[in-house]
1. Out of (1) within 27 Å of residue 162 (Cα to Cα); (2) free of Cβ contacts under 8 Å to residues at least 12 places away in the same chain; (3) within 16 Å of the ligand (Cβ to nearest atom), what's the single condition that is false for residue 248?
2. Would you mind finding the one in 59, 7, 84 that is surrounded by fewer than 24 Cβ atoms within 10 Å (Cβ to Cβ) and assigned to a strand (DSSP E or B)?
3. Looking at (1) away from the ligand (no atom under 13 Å from the Cβ); (2) over 30 Å from residue 93 (Cα atoms); (3) out of contact with any helix residue (DSSP H, G or I) (no Cβ under 9 Å at 6 or more places or on another chain), find the lone condition where residue 317 falls short.
4. Can you give me the ranges of the helices (runs of 4 or more DSSP H) entirely in region 313-398 with at least 3 residues that are farther than 30 Å from residue 106 by Cα?
5. Which of (1) touching a strand residue (DSSP E or B) at 6+ places or on another chain (Cβ under 6 Å); (2) surrounded by 17 or more Cβ atoms within 10 Å (Cβ to Cβ); (3) not in a helix (DSSP H, G or I) does residue 64 not meet, given it meets every other one?
6. Does residue 306 qualify as being touching a helix residue (DSSP H, G or I) at 6+ places or on another chain (Cβ under 9 Å) and at pLDDT below 95?
7. Can you tell me which residue in region 211-240 is surrounded by the fewest Cβ atoms within 10 Å (Cβ to Cβ), limited to those that are assigned to a loop (DSSP other than H, G, I, E, B) and more than 15 Å from the ligand (Cβ to nearest atom)?
Ligand code: AMP
């Protein structure tokens, strides 16, 4: 059975095609900078040493998926003759409120529920839905499955997910911490236990998913007990364009001072804040590091604020779990930004976290990056949300 996995972000789209009888990856790829200058698709057929890269204008997720289909069926670097060979499509979906605690087959009713959840995840559910609609249009007879970011965090105890606001708001509106990136946190925690050869149920792990969206999770005996994102993916760490934690009184203060509606302010906190807001340069850490090299002070400040918040959560979760055995970095920044991992881990030696500066010089490959005398094993583990999504899709589509 061949499963296509689609992971649509706001400006990027990752895909993988897997043969599930043996979980073999047939092809994978990445579309970057959708709707921006220089959008491109990089397609990799398993077994071929050369990647195929094409720079082409892609103004929408539908255009991006058309390019994915062309790449998968291409005579030279394709892996299927036609899309009819694909048995099911698994979609990463960010927020389903309290509606689904597990993955589901996508129906018109499910789409309606996800549309209702757009206001909870305004940056994410819309591109997720665009991906679903484009696939339904281009592959009308193929079953589709939705796999939710929120599912893994359902094990949090009430003291971690209840906000200290009138309890009726939780009862009436389901206002609570949900957490996101669950598929990624689960995957890297399981890999960390495998790599260390220790039973996941005997471990305390802190997983740092540091991408354009970023979150930290505390995972005790295989179960998530706390995570930094909240009711929406706006809470927690400083992110590419999102503010993360702040005093809620700031929202009405900005609204009054700038004569903006509350939803406009929230929009600014989602789209114009984070390291982009602080630096005024970019949400992309590669651009920020270039700017720092050119002497841009605010870009340097943005990176420091980001690292400060990651360290803050690491400390908090060590306290919550009364210790930690493994610290894992994953996602775009966690996997590639050697400098940022170094800044985050610096001066955590008293907590048993000692980074090996030589081993840390690694990108995109599962590696233990702690010193031999570090009590906590620090790891860089490329995330594989796609494999987790493919497993759920396979299980439901079978
Ligand atoms: P993700 O959301 O996981 O795809 O991560 C995307 C983010 O990872 C980008 O916006 C960059 O900030 C960061 N990133 C990707 N590659 C690198 C790199 N080589 N060095 C530093 N940051 C990177």
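1. Result: residue 248 passes all but (3).
2. 7
3. Here residue 317 meets the rest and fails (2).
4. Those helices (runs of 4 or more DSSP H) span 331-336, 338-345.
5. (3)
6. no
7. 221
Every residue, every condition in (1) modelled with pLDDT under 95; (2) in contact with a helix residue (DSSP H, G or I) (Cβ under 6 Å, 6 or more places away or on another chain), yes or no:
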| site | (1), (2) |
| --- | --- |
| 19 | no, no |
| 33 | yes, no |
| 37 | yes, no |
| 49 | yes, no |
| 60 | yes, no |
| 65 | yes, yes |
| 88 | no, yes |
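The values are calculated or read from the model by the stated rules, or taken from the named source; none is laboratory data. Predicted, not measured: the structure shown is a model, and the values here were computed from it. Please note: Cβ atoms are built from the backbone with ideal geometry, for glycine as well, and neighbour counts cover all protein chains shown.
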